[in-house]
Structures are given as C-alpha cells and as structure tokens.
1. Taking the range A:145-171 as the search range and keeping residues that are of a type in the set (Gly, Ala, Ser) and surrounded by fewer than 16 Cβ atoms within 10 Å (Cβ to Cβ), which one is nearest to the other protein chains (Cβ to nearest Cβ)?
2. Quickly run through the range C:78-92 and pick out the residues that are in contact with a helix residue (DSSP H, G or I) (Cβ under 8 Å, 6 or more places away or on another chain) and without any contact (Cβ under 8 Å) to a residue 60 or more places away in the chain.
3. Can you tell which of A:Ser79, A:Ser142 is within 14 Å of chain B (Cβ to nearest Cβ), of a type in the set (S, T, N, Q), surrounded by fewer than 18 Cβ atoms within 10 Å (Cβ to Cβ) and within 23 Å of the chain's Cα centre (by Cα)?
4. Which of (1) modelled with pLDDT under 90; (2) surrounded by fewer than 19 Cβ atoms within 10 Å (Cβ to Cβ); (3) assigned to a helix (DSSP H, G or I) is the odd one out, the single condition B:Asp51 does not satisfy?
5. Out of all the residues in the range A:198-211, which are surrounded by fewer than 22 Cβ atoms within 10 Å (Cβ to Cβ) and either within 14 Å of another protein chain (Cβ to nearest Cβ) or in contact with a Gly (Cβ under 9 Å, 6 or more places away or on another chain) (or both)?
6. Which residue is nearest to the other protein chains (Cβ to nearest Cβ), if the candidates are limited to the range B:23-72 and must be over 21 Å from A:Ala56 (Cβ atoms) and aromatic (Phe, Trp, Tyr)?
7. Surrounded by fewer than 21 Cβ atoms within 10 Å (Cβ to Cβ), part of a helix (DSSP H, G or I) and either acidic (Asp, Glu) or within 14 Å of another protein chain (Cβ to nearest Cβ) (or both): is that true of A:Ile229 in this structure?
8. If you go through the range A:86-108, how many residues are modelled with pLDDT of 80 or more and not small (Gly, Ala, Ser)?
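The values are calculated or read from the model by the stated rules, or taken from the named source; none is laboratory data. Everything numeric in this text was worked out from a predicted model, so none of it was measured. Note that we place each Cβ from the backbone using ideal geometry, even for glycine, and neighbour counts take in every protein chain shown.
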Amino acid sequence: MNPKREIRVQTIVVSLLVSIMTILLLGILLSFQPLSGSLGSELLAINQTTTQSANAVTSVVTYFRGLDTLGEVTILFLSIFGIGLGIERLQEKENIFSYDNALLKIGADMLFPLIILFGLYIIIHGHLSPGGGFQGGVVIASGFLLMFLAKNNEFKLNHKMTTLVEALSGAGFVLVGILGLLLVDRFFGNFLPLGTLGKLWSGGVIPLIYIFVGLKVSAEISTLVEYFIRIKDVR
Amino acid sequence: MIGLIVLCIFAMLILLAIFIVSNNDLAHSVILFMGFGLGSAVLFVLFSAPDVALTEAVIGVGTSGVVLLVTLLQISKKGRNV
Amino acid sequence: MLDGIGFFIMFLGTLLLIISAIGLLRMPDTITRMHAGTKASTLGSLLVILGAIFLDPSLGFKLSLLGLFILLTNPLSSSILARSSYLKNGFLNKSGIDDLGEQK
C-alpha cells in the first residue's frame, strides 16, 4: 500500500469522526433548554444589597467568584514564570529595535504619563464603570511597551522592583481573601463598610482586590513584553 | 440599524479570518489579525459588553500584535532593522 | 440649537473622514497616501469629538482629553510610518523634493 492512499483513508476517517461529533454537538445544542430565571438575574438581584457596586460584572468577578479570579491570576503568573525560565538564559541585554528617532522619543515621553494615568483610572473606577484590574493592568503594560519600542536601550525595567510589586500584590490579594475568611463567613467575604452606590468609596472590598490585581497584572505583562523584546536568537 | 452594522462587521470579520489564514506573508497575517481584534472590539461594544471590548482592544490589538510581530522579527533573517 | 450645532460639526467631521478614505484609495504612492490618510482623519476625528461635546457638555472634560490623545498620537504615528517607509524603500515621491535626504 503506498503512503498516499493511507493518508486518504486517514483523512476520510477523521472527517467522518468530525462530522459525527458535529451532529452530536448540534443535537445537544438544539435540545438544550435555558434555565428559567437564570443565574444572571439572580446575581443582579442580590448585587444591590450585598456589594453596592455599580458595575455588576466586577462584583461577580471579585466578590461572588473571587476564588476563580485567584485561579486566573495564578495561571497568568505561572505562564509568565515559565516563559521567564525558558528565556532568561538566552537573554542578551539589548533591544532588537535599532531605531533612533528623536520625535518618537519626545512623543513617547509625553504619552507615557497619560497612558499610566488612564490605566490607574480604569483600575480605581473598576466598580463604577467598565473596566477593572485586568484591563487597567494591561493598559499600564501597554504604556511600558510603548517606552520599550521608542527608547531602545535607555529604558529598562528594574527587575527587583517588578518582582517585589508582583509578589507583594499577590500576597495582598490572598491576604484580603483570608481576612474575609477570618472576619466574615467566607473566603473573599466583605469586611469593609459598603458605602453608597455610585460613589468612589463604595463596593466594600472590591476596589482593594482590583488594585492588587491591577498591580500584579501590569508587572507581569510588562515583564513578559520586556522578555520578548530584549532576547536574541531564539532556538 | 444596529443589526445592519452588526451584520456588516460579522461579514468583515469572516473575510478577515479567511485572509489571515490564506495569506502567504506572515507579517500581513499579523496586521490583519490586529484588524480582526479591532473589529471584534467594536462588536463587543455593540453587544453592550464594554469590559470585554476594553480587554480585546488592548490585548488583541496592542500587546499580542506587537508580541507576534517581535517574534516574527526574531525568527526571520531579513528584518533585523525595522 | 446646541444639538443642531453639534450635529453639523459631526457631519463636517464625517465628511472629512470620507474624503480621507477616498484619498487613501486614490493616491498614487506611500507618502501622498499618508498625507491623505492622516491630516484629514485627524481633523475629522477632532471635529467629531467637538460635535459630541456640543451634544453632551457634561462629558466635555473626558472628550477633550480624548481629543488631546488623538492630537498627540495621530501625527506621531504617521510621521514614524513615513520615516520607516523612507528608510526601507527609499525616495518614492514624484514631486522631487527630498527634505530628509538633504539633511544628511
């Protein structure tokens, strides 16, 4: 039997399997009936009394599902730790962008504080308007990315500083959860005064959690971007 | 009216996805991928999910696009100086 | 009255954006295409933001910050695109004026 023919048989078998799976999946999807009075409306109903947060998404992410957020942050930390382990040995302290432009440097200097301010605004107002820790952290990291791209070797991250910020904010995040467990009934329970809906001082423990998440995410993503920009000769 | 805009963006996203997969030049693929992220961010805003739209706009357009371009520069011989 | 002024300014802005898109399609080479695609679209975006301020004056501060951001980024990115195109492909303009070459 020549190899071409084997490949054809394999292709037919694989496509048959894929079509059977698709038909099964379509059957499951078509026979699926949504629960009456779904979880979302229930959460929205109790959101007003329990958290006083204007943005219901953030109260789901940090308050009702705080443990899942801890898992997400851990996954992000582990992936960046793995990339760092693989890349650190090959690291050569030089930017790959050999691009010298005075206009770009001045413009980056003017834009960098604006981007950092916008990221901090998104983090702090996470319980009032769309946004939160993850989004604001990534915005701050994109500001650092602009500086890496614009100033090729004059701008370097202080790695001790980023490690310290990341470790302290992760520890603070877990500490808030444990304080909730000790002072109130459950992990990530609310032990702060709730405040009034729509004010900056409201939402109880949610802004605190989001500040920690934002610091952690910004430190991690900036470190990742610096790894990618400064290495040479990936094998 | 909103439905018409959403349908146009859906058609544009499908076309962009076909172009991304079937392109020979990887740099063009990355740039089209950034355009795909921008279109889906607009779609998320129209579906009233601004949280997801913010994340998609920063991650999908900015950071991951630049990381993919940098990786492309690292593995290609010709593009050492941009 | 204020709404009417806002919609008129927004209409002017979208008109400029359409002109910029036509120029982006019709211009012959990279540099002139950049000229059409950035100057007109910067002014168009700023006019749209100004119209939005007229429509809802309570959002004025945030929208003016957005305008400042566009005013900072759009000319900068177009200048960098033009410069890198010049450095990569050489002089492609048909007008014969080469300012960046005379500086060296």
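1. Filtering the range A:145-171 down to residues of a type in the set (Gly, Ala, Ser) leaves A:150, A:167, A:169-171.
After this cut, where a residue has to be surrounded by fewer than 16 Cβ atoms within 10 Å (Cβ to Cβ) as well, the list is A:167, A:171.
Working: A:Ala167: 22, A:Ala171: 25 Å.
Result: A:Ala167.
2. First, the residues of the range C:78-92 that are in contact with a helix residue (DSSP H, G or I) (Cβ under 8 Å, 6 or more places away or on another chain): C:78-83, C:85-86, C:89, C:91-92.
Passing the criteria: C:Ser78, C:Ser79, C:Ile80, C:Leu81, C:Ala82, C:Arg83, C:Ser85, C:Tyr86, C:Asn89, C:Phe91.
3. Numbers: A:Ser142 fails: surrounded by fewer than 18 Cβ atoms within 10 Å (Cβ to Cβ).
Being within 14 Å of chain B (Cβ to nearest Cβ), of a type in the set (S, T, N, Q), surrounded by fewer than 18 Cβ atoms within 10 Å (Cβ to Cβ) and within 23 Å of the chain's Cα centre (by Cα) holds for just one of A:Ser79, A:Ser142, which is A:Ser79.
4. Failing condition for B:Asp51: (2).
5. Here is the first cut: in the range A:198-211, the residues surrounded by fewer than 22 Cβ atoms within 10 Å (Cβ to Cβ) are A:198-202, A:208, A:211.
Once the filter is applied, which keeps residues that are surrounded by fewer than 22 Cβ atoms within 10 Å (Cβ to Cβ) and either within 14 Å of another protein chain (Cβ to nearest Cβ) or in contact with a Gly (Cβ under 9 Å, 6 or more places away or on another chain) (or both), the range A:198-211 yields A:Trp201, A:Ser202, A:Leu208, A:Ile211.
6. B:Phe33
7. Working: surrounded by fewer than 21 Cβ atoms within 10 Å (Cβ to Cβ): yes; part of a helix (DSSP H, G or I): yes; either acidic (Asp, Glu) or within 14 Å of another protein chain (Cβ to nearest Cβ) (or both): yes.
It is true that A:Ile229 is surrounded by fewer than 21 Cβ atoms within 10 Å (Cβ to Cβ), part of a helix (DSSP H, G or I) and either acidic (Asp, Glu) or within 14 Å of another protein chain (Cβ to nearest Cβ) (or both).
8. Going residue by residue through the range A:86-108, those that are modelled with pLDDT of 80 or more are A:102-108.
Those left that are additionally not small (Gly, Ala, Ser): A:103-106.
Number of matching residues: 4.
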